[in-house]
Structures are given as C-alpha cells and as structure tokens.
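The values are calculated or read from the model by the stated rules, or taken from the named source; none is laboratory data. Quantities reported herein were computed from a predicted structural model and do not represent experimental measurements. So basically every Cβ, Gly included, is an ideal-geometry build from the backbone, and we count neighbours across all protein chains shown. These area figures cover heavy atoms from the full protein model, side chains too; ligands, DNA and RNA do not enter into them. Shrake-Rupley method; radii C 1.70, N 1.55, O 1.52, S 1.80 Å.
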Amino acid sequence: MSEDKDAPTRFMSFGAGVQTTALLLMDQFDEVVFADTGAEWPETYEYLEKVILPYVQERKIKFTVVRGSEKLEGQLATTLEDYCLQRRIIPSRQHRWCTDRYKIKPIRKFVKLQGWHLPATSVMGISYDEFHRMHTPHWHEYTFEYPLVDKRLTRQDCERIIREHGLPVPRKSGCYYCPFQRVAMWKELYLKHPDLFGRARRLEETSKSYPK
C-alpha cells in the first residue's frame, strides 16, 4: 500500500474468481476494483456478498464496484445483457468487445476520475499457468503487474492459498453466457439456473446473426 501520496496508486482489478481471491489474501492494495457486468453466475454474487465483502470490511480494505454504461438511441445500457439485446448481438470469441466495454472501459473511466498520480498500477490476477494472457496496456492511465506469474503460482496454488486462509474456494468467474464456457458449464447452467439459461438463449435468438 502506498504511503507516499505522490506515489502511483496500486489497485487490484478484482474478478471474484480463484486467482484474484487468492491475490486479495496475499497482498495489500490502495483499492480493490470490481467491474460488474451484471451477468456473473449467481454463485459469484453470493460469494462476493458472504465472503469477500465481510473480509474487506473487517480489514478496512477499500472495495469499489464499477459498471459499464453505453448510450444507445437515447437509452443507457448499464448491463452487458441490455447492451446485447439493444444491439441484437452476442459476445464474441474473436473480438472480445464485451470485455472491453463492460470490464476495461469502466475501470479506465474510474481511474481517470480519481485524481490519482498516473500512471497507476493495476495488479492482475493471472496465474502462472495462464501467462499467455499477459499483455502490456496501450493506454496511459495505468500499467499492469502480475504477481502470481512472478511467483510462479498456478490456479491450483491459488486454491490452496484460499483454503489455508480458511475460506471456501469460489467458482470460476465469468458471465453465465460467456462464449468461452465449456459445454459442462452450459449443462450446469441449464440444470441449476434454467431461468438464466433461457435468458442466454434469448440473447442468441434475438441476435442479428441468428440462427447462423
């Protein structure tokens, strides 16, 4: 945590999954920022409410939730689902526009409004077994830091760290209609949350590219 007020702010981009939860337990930050797309699995929101928020409140860790807001034909789409329905599109595996608009963009906007000494440092919860996801940002608001990769900690290591702190291991984070989901996760969604499965199907059926 920065003691020098002129030192760059070091904040964590919190995803509410295994890696960022372990990172929260391991390190200290000036702020923890969670970009909420409005489409996380119900179990993720429950984990946030019952595990993460009590943890940060007890330790007086500043925790902020940010959300995207895209203006379409005079209306604000404050969730990724609303944006997809209004534009009649679905998240793409190729372009990842959903991550840009409802994860990256809200965090960048938040950082710009804080009056921090820039560039700040965004601490990313990417583990060693996912090091291929590392990249250098092309914007000036903040740079990235990858402590799990630096320490060569894998997802399995992160699960162990969470258990050693006496906390339950969260499910894999991500939108419940993410195009990167495995078939097993779609089956789980269908069986455990048929209402959300129906909403995911509605996104596809109302998209301009359906039934392609």
Run the numbers on the chain and let me know its relative contact order in percent, using alpha-carbon pairs under 8 Å that are six or more apart. 27 percent
Calculated from backbone phi, Karplus (6.51, -1.76, 1.60) coupling profile of the range 87-96 in Hz, x at Gly/Pro: 8, 6, 9, 10, x, 10, 6, 7, 9, 6
Round to a whole number: what % of the accessible area of the chain belongs to carbon and sulfur, probe 1.4 Å? 50 percent
Rounded to whole Hz and in sequence order, give me ³J(HN,Hα) for the range 190-207 from the Karplus expression 6.51 cos²θ - 1.76 cosθ + 1.60, θ = phi - 60°, writing x for Gly and Pro. 4, 7, 8, 9, x, 5, 6, 4, x, 5, 5, 5, 4, 4, 5, 5, 9, 6
Loop-located trypsin sites (Lys or Arg not before Pro) in the range 1-80 whose Cβ has at most 12 other Cβ within 10 Å (DSSP): LYS5, ARG59, LYS60, LYS62
SER69 and GLU204 label points (each 7 Å along its Cα→Cβ direction) are spaced in nm at 3.3 nm
Share of antiparallel DSSP beta bridges in the chain, in percent to the nearest 5? 20 percent
Once you've got the GNM for the chain with C-alpha springs shorter than 10 Å, pick whichever of THR99, THR37, THR21 has the biggest mean-square fluctuation. THR99
Mind listing P(r) for the range 71-117? All alpha-carbon pairs, 10 Å bins, whole percents. 24, 46, 24, 7
Considering the chain as a Gaussian network with a 10 Å cut-off on Cα pairs, which listed residue, ILE107, ILE89, ILE126, attains the greatest mean-square fluctuation? ILE89
Using a Förster distance of 25 angstrom, determine the FRET efficiency expected from the C-beta separation of LEU196 and LYS172, and round it to 0.05. 0.95
Based on alpha-carbon atoms only, what is the radius of gyration of the chain relative to the globular estimate 2.2 N^0.38 Å? 1.06
GNM top mover of VAL32, VAL51, VAL183 - the chain, alpha-carbon springs below 10 Å: VAL183
Which FRET efficiency value, to the nearest 0.05, is calculated for ASP129 and VAL51 with the Förster distance at 25 angstrom and r the Cβ-Cβ distance? 0.60
Find the percent of Cα-Cα distances in the range 159-212 that exceed 13 Å, and round it to a whole number. 68 percent
Tell me the angle of helix 155-164 to the major Cα principal axis of the chain, expressed in degrees between 0 and 90 and rounded to the nearest ten. 60 degrees
LEU153's amide H: which non-local residues (gap 5+, or another chain) put their own amide H closer than 5 Å, with H modeled 1.01 Å from N in plane and none for Pro or chain starts? TYR128
With θ set to phi - 60°, apply the Karplus curve 6.51 cos²θ - 1.76 cosθ + 1.60 along the range 120-126 and write out the HN-Hα couplings as whole Hz, x wherever there is a Gly or Pro. 7, 10, 9, 8, 9, x, 9
Could you provide, to the nearest whole Å², the per residue accessible area of the chain with probe 1.4 Å? 58 Å²
Prolate/oblate/rounded label for the range 115-212 (Cα gyration tensor, a/c 1.5): oblate
How about the range 39-140: which chymotrypsin sites (Phe, Trp or Tyr not before Pro) there are in a DSSP loop, with at most 12 other Cβ atoms within 10 Å of their Cβ? TRP139
